[in-house]
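Data block below; observations after.
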Amino acid sequence: MSYVVAVVGATGMVGRKMLQVLEEKKFPVKEIKLLASARSAGKKMTFRGKEVVVEELKAESFVGVDVALFSAGGETSKKFAPEAAERGAIVVDNSSAWRMTEDVPLVVPEVNPEAIKNSKIIANPNCSTTQCVLPLKVVQDLFGLKRVVYSTYQAVSGSGRDGIEELKEGKRFYPYQIKNNCLPHIDVFLDNGYTKEEEKMINETRKILEVPELPITATCVRVPVLNCHGVSINVETESEVDIQKLRDALQDFPGVVLYDDPKNNVYPLASESDEKNEVFVGRLRKDPSIKNGLNMWVVSDNLRKGAATNTVQIAEVLAKGGKL
């Protein structure tokens with residue numbers, strides 16, 4: 001079978017990447033509908049070698065659509081995702097609008113595809129959360145999770161074109177210059193001193209791994225790297241970690257590439273992860289400061305696995321499961 005696919009926010013960075021991933025994965029597209037704001041309507045884009053005209057996003061745009069891939073911001077998703085679902089489309093949303101809604105599944109296909117069920121709206125997690133839950137799922141299944149500490153090193157592409165333009169051209173976007181700097185400030189600060197990005201990682205990890213009471217803390221930092229997020233993950237496990245058993249399991253886990261030979265300077269890098277769909281894991285070592293402690297270094301392309309690729313993978317699960 002082939003499907004009518006709508007990409008909402010098609011002219012944005014993630015929307016364009018979605019089109020690229022749909023092509024690469026040979027997703028069975030019968031018809032593609034490119035939807036965006038009124039100011040982008042009329043633009044022409046290319047999909048599978050054919051020119052496609054961008055249409056203005058309207059409620060009636062979703063008539064006849066099987067699956068709608070959203071990446072146009074939270075307010076747009078809140079308004080139009082229910083409209084799309086009402087007209088028969090299944091929505092896969094890349095914004096934060098629906099992630100913590102109780103009856104909306106938050107899905108990373110390698111980790112919790114069973115959460116999809118018969119939902120009409122499915123949420124794609126935050127980019128930094130997505131790359132972390134793959135190795136954490138492996139650790140959870142082997143040794144149990146007792147506590148998680150995240151320290152992120154997030155690329156400017158996570159801020160969209162504005163972040164990239166500041167790093168490349170010096171246009172001011174962040175509160176302080178990003179060149180030669182690291183900013184411990186991603187999204188807005190909350191009353192508890194955490195940022196919204198840090199709160200997202202904490203709450204989304206709990207939801208995806210189905211551990212609502214798991215103690216998690218996070219510090220999210222923007223760094224002067226164009227693309228690919230790095231995350232240092234410190235884990236306290238329920239039982240003692242066997243590093244070799246963990247290495248073997250990570251090597252067998254779908255979507256994970258083990259890059260862990262520090263004696264030969266082999267460890268995950270942003271430069272090596274760029275334009276790849278996998279999550280790269282390395283620097284595996286016990287943390288001797290606590291009982292059953294573990295450290296990992298995890299790097300992934302935030303525009304791909306953190307956004308576009310994961311969204312398309314969810315659509316693939318829907319297609320294979322006969323839900324479209």
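The values are calculated or read from the model by the stated rules, or taken from the named source; none is laboratory data. In this text the structure is predicted, and so the values were computed from the model without any measurement. Note: ideal-geometry Cβ built from the backbone for every residue, glycine included; neighbour counts use all protein chains shown. Accessible surface areas use protein heavy atoms only, side chains included; no ligands, DNA or RNA. Shrake-Rupley method; radii C 1.70, N 1.55, O 1.52, S 1.80 Å.
Within segment 267-291, being closer than 17 Å to Asn302 by Cα and either touching a residue at least 60 places away in the same chain (Cβ under 8 Å) or of a type in the set (A, V, I, L, M) (or both) holds for Leu269, Ala270, Asn277, Val279, Val281.
Checking each residue in segment 49-62 for being farther than 25 Å from Lys323 by Cα and surrounded by 12 or more Cβ atoms within 10 Å (Cβ to Cβ) picks out Val52, Val54, Glu55, Glu56. Restricting the first member to segment 106-118 and to residues that are surrounded by fewer than 21 Cβ atoms within 10 Å (Cβ to Cβ), and the second to residues that are charged (D, E, K, R), no beta-carbon pair is closer than 6 Å while six or more apart or on different chains.
Residue selection: Lys171 fails the criterion of being buried (at least 17 other Cβ atoms within 10 Å of the Cβ) and either of a type in the set (Lys, Arg) or assigned to a strand (DSSP E or B) (or both).
Taking the criterion of being touching a residue at least 40 places away in the same chain (Cβ under 8 Å) and on the phi > 0 side of the Ramachandran plot, the residues of segment 44-92 that qualify are Gly64, Gly73.
Does Val221 meet the test of being within 14 Å of Val281 (Cβ to Cβ) and in a strand (DSSP E or B)? Considered against the rule, which asks whether it is within 14 Å of Val281 (Cβ to Cβ) and in a strand (DSSP E or B), Val221 comes out as no.
Here Val29, Val4, Val65 are screened, and the one residue that is within 21 Å of Gly321 (Cβ to Cβ) and touching a Gly at 6+ places or on another chain (Cβ under 6 Å) is Val4. Looking at the structure I just gave you, is Lys207 under 25 Å from Asp260 (Cα atoms), touching a residue at least 12 places away in the same chain (Cβ under 8 Å), part of a helix (DSSP H, G or I) and open to solvent by 50 Å² or more (accessible area, probe 1.4 Å)? It is false that Lys207 is under 25 Å from Asp260 (Cα atoms), touching a residue at least 12 places away in the same chain (Cβ under 8 Å), part of a helix (DSSP H, G or I) and open to solvent by 50 Å² or more (accessible area, probe 1.4 Å).
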